[in-house]
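Since the structure comes first, as structure tokens, the remarks are kept for the end.
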């Protein structure tokens, strides 16, 4: 009888430990699954957290005039597209350098196509970060010409280490902030609006 009780106790203990081991194993599997799912969600949210070119500009008060112009020219979808694009983005101060009343006139619905032409003159297909731009300038005897989305060209050069844009009319602008990352390209802030012919 004593042997039977001992055997029963051992059997119950064995079942208890076996079930504990199984529960621990199940718990570990659940935790591993939850960690994997959380990591996947974080990776997805990181991808979603990087805004597009328009999103980056909209999130920076120094580009409020540019954002208003992009909306007025109906270019939001184009600049939110897959890309990649490189945008030489005039700051509010750059737009303020234009003759008085120019921005207000350009924002009028009847000037939508003119405004779109000016804005697309600031956009280049492809992603060109500052290092690549400087390499291209140095590899081409100090000047590198890029084709813009409006069909015109801008000449890039260096002056005291700064990238200078020269437009079709001989006007110049300086890159003041380089390599602002966006999910569909890169933005370089410039201090003057460049103009197509």
Report task. May I ask you to derive the FRET efficiency for residue 64 and residue 158 from their Cβ-Cβ distance with R0 = 45 Å, giving the value to the nearest 0.05? Result -> 0.90
Query raised in the report: Hey, how many Å between the Cα centroid of segment 130-146 and the Cα centroid of segment 71-122?
Result: 25
Query raised in the report: If you take the beta carbon distance between residue 93 and residue 141 as r and set R0 to 35 Å, what does 1/(1 + (r/R0)^6) give as a FRET efficiency, to the nearest 0.05?
Result: 0.65
**Report entry** Separation in nanometres of the label points that stand 7 Å from Cα toward Cβ, at residue 105 and residue 197
**Finding:** 2.2
Report task. Evaluate segment 51-190: find the radius of gyration of its Cα atoms, find its Kirkwood radius, and give the ratio Rg to Rh. Result -> 0.94
Query raised in the report: How big is segment 57-120 by Rg and Dmax over its Cα atoms, in Å?
Result: 11.5, 35
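Readers should treat all values here as calculations from the given coordinates under stated rules, not as data from a laboratory. As the structure is a prediction and not an experimental result, all values here were calculated from the model. FYI the Cβ positions are ideal-geometry reconstructions off the backbone, even for glycines, and counts take in every protein chain you see.
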